[in-house]
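Take a look at the structure set out below.
The values are calculated or read from the model by the stated rules, or taken from the named source; none is laboratory data. Predicted model only: the values in this text are computed from it and were never measured. Ideal geometry is used to build each Cβ from the backbone, glycine not excepted, and the neighbour counts take in all protein chains shown.
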Amino acid sequence: MALGMPDQVPVMCQMSTGHILLNSGVDPIAEATDSAAFAESLWRMRELYDFDGILIHKPGREPGWLLDGTRREECADGWEFIYPEGCRVRVQRDDDPIFLPAAGYRNPDIEEIDPAQPLASFTGGYLCWHLWKGTHPYRRVEDIPPAWCGVIDLLRERCAGRYGLHGETRSPFDHVLNLLSAENMMMALVTHPRKVHPLLDWATGSAIAWSVAQIRRGCDAIKVSSPWVGGRFISPGFYREFVVPYERRLAGAVRAEGGFVYTHTCGAIADRLEDMMSSGIHGIECLDPPPLGNVELADAVERTRGRVFIKGNLDSVHTLLEKDAAGVRADVRRMVETAAPAGGYICSTACSIAPRVPPDHVKIMVETARTWWG
């Protein structure tokens with residue numbers, strides 16, 4: 001991440017919750033509600049693949065968010081926890097938990113939400129879901145609930161400085177989008193842009209508080225989850241207006257604490273790599289190749305060389321899931337040969353490892369990257 005030339009190609013992937021559940025042996029409900037179980041699932045996956053780091057992709061668990069005040073029902077693919085107001089959280093056996101609103105519910109639009117206290121529009125299960133996903137009202141590091149740092153504490157002790165520990169925050173844009181809904185957010189960029197900016201300002205303060213808390217607690221880096229700002233969602237001009245200024249503030253706050261910070265944006269980002277770098281981040285993820293996105297790795301290497309580290313580019317679906325062992329090995333080798341000689345490269349899937357990717361294919365990825373050195 002410091003743009004140096006390591007003694008071997010580092011390998012670290014984000015994993016889908018489904019892949020973790022299918023291969024860690026940790027109970028899905030425990031993984032969703034208990035910090036110790038969540039930490040154990042991440043540790044087991046690091047051990048399985050010998051990754052050089054661990055991504056903590058959600059805050060530590062507060063059991064009451066799901067297990068208190070809800071009714072539990074089994075369903076075909078897992079269990080549903082039903083809140084008194086009728087909204088539900090479905091904990092799945094082989095995928096991320098999902099939120100299902102009550103019949104007739106609609107998200108607030110831009111004219112209904114209070115930019116000073118956006119979460120005031122949400123109560124009960126709706127508020128619990130936002131907090132579990134990391135959208136929160138906390139403005140200072142000392143306001144962060146102690147339970148949120150529980151996973152960091154457990155994994156920091158087990159890593160003992162041998163492996164990188166990455167925390168995560170939603171980007172300011174992603175916080176606001178998930179409060180309004182994707183449709184309401186995209187419409188508001190066009191119809192009420194002046195009302196979007198105060199919400200982004202609020203969300204930036206939230207993202208900074210949680211990011212700084214994670215660095216101070218022992219994380220080495222912060223991944224900024226910003227999946228909705230690629231080329232098929234917003235234009236480069238909107239990216240410069242609604243993303244860059246706020247991620248720049250966030251990146252500056254993490255840098256001031258001595259941490260690394262990188263942005264994770266899926267899909268088509270080839271037309272905005274320079275805009276992404278202008279926010280002051282240390283690195284870029286996912287670099288999705290066609291057909292998932294539009295990034296050609298050789299082009300990205302030349303444009304980012306010496307400015308930021310890059311992480312990703314391996315297609316988790318069309319390579320890791322669908323190809324045989326020889327095809328996986330060939331794709332990884334081609335990717336490493338393109339990016340590793342420039343330094344500042346972390347071998348990784350473009351986005352998450354898909355739930356049913358064979359573990360042996362991930363091991364081939366790691367072994368191929370580790371045994372290559374040009």
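Tabulated results
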{"quantity": "Sole exception among (1) in contact with a Pro (Cβ under 7 Å, 6 or more places away or on another chain); (2) touching a residue at least 60 places away in the same chain (Cβ under 8 Å); (3) not polar (S, T, N, Q) for residue 260, by number", "calculated": "(1)"}
{"quantity": "Cβ pairs under 9 Å, 6+ apart, first in the stretch 132-145 and surrounded by fewer than 16 Cβ atoms within 10 Å (Cβ to Cβ) and assigned to a loop (DSSP other than H, G, I, E, B), second modelled with pLDDT of 95 or more and of a type in the set (Val, Ile, Thr)", "calculated": "139/208"}
{"quantity": "Breaking point among (1) under 18 Å from the mean Cα position of the chain (by Cα); (2) on the phi > 0 side of the Ramachandran plot, for residue 265", "calculated": "(2)"}
{"quantity": "Selected residue [out of contact with any helix residue (DSSP H, G or I) (no Cβ under 7 Å at 6 or more places or on another chain), in a helix (DSSP H, G or I) and under 21 Å from residue 265 (Cβ atoms)] from 288, 299", "calculated": "299"}
{"quantity": "Residues of the stretch 76-102 satisfying the condition of being loosely packed, with under 15 Cβ neighbours inside 10 Å, of a type in the set (Asp, Glu) and over 20 Å from residue 24 (Cβ atoms)", "calculated": "85"}
{"quantity": "Condition met for residue 292 (surrounded by fewer than 22 Cβ atoms within 10 Å (Cβ to Cβ), free of Cβ contacts under 8 Å to residues at least 60 places away in the same chain and under 18 Å from the mean Cα position of the chain (by Cα))", "calculated": "yes"}
{"quantity": "Residue check for residue 253: surrounded by fewer than 22 Cβ atoms within 10 Å (Cβ to Cβ), more than 23 Å from residue 312 (Cβ to Cβ), in contact with a Ser or Thr (Cβ under 9 Å, 6 or more places away or on another chain) and aliphatic (A, V, I, L, M)", "calculated": "yes"}
{"quantity": "Check on residue 236, surrounded by fewer than 18 Cβ atoms within 10 Å (Cβ to Cβ), within 17 Å of the chain's Cα centre (by Cα), on the phi < 0 side of the Ramachandran plot and touching a residue at least 24 places away in the same chain (Cβ under 8 Å)", "calculated": "no"}
{"quantity": "Residue that is nearest to the chain's Cα centre (by Cα) [pool: residues in the stretch 19-51 that are crowded, with 19+ Cβ neighbours inside 10 Å and assigned to a loop (DSSP other than H, G, I, E, B)]", "calculated": "51"}
{"quantity": "Odd one out for residue 313 among (1) of a type in the set (S, T, N, Q); (2) crowded, with 22+ Cβ neighbours inside 10 Å; (3) in contact (Cβ under 8 Å) with a residue 60 or more places away in the chain", "calculated": "(3)"}
{"quantity": "Scan of the stretch 203-257 for residues that are charged (D, E, K, R), under 26 Å from residue 113 (Cβ atoms) and not in a helix (DSSP H, G or I), ordered by number", "calculated": "232"}
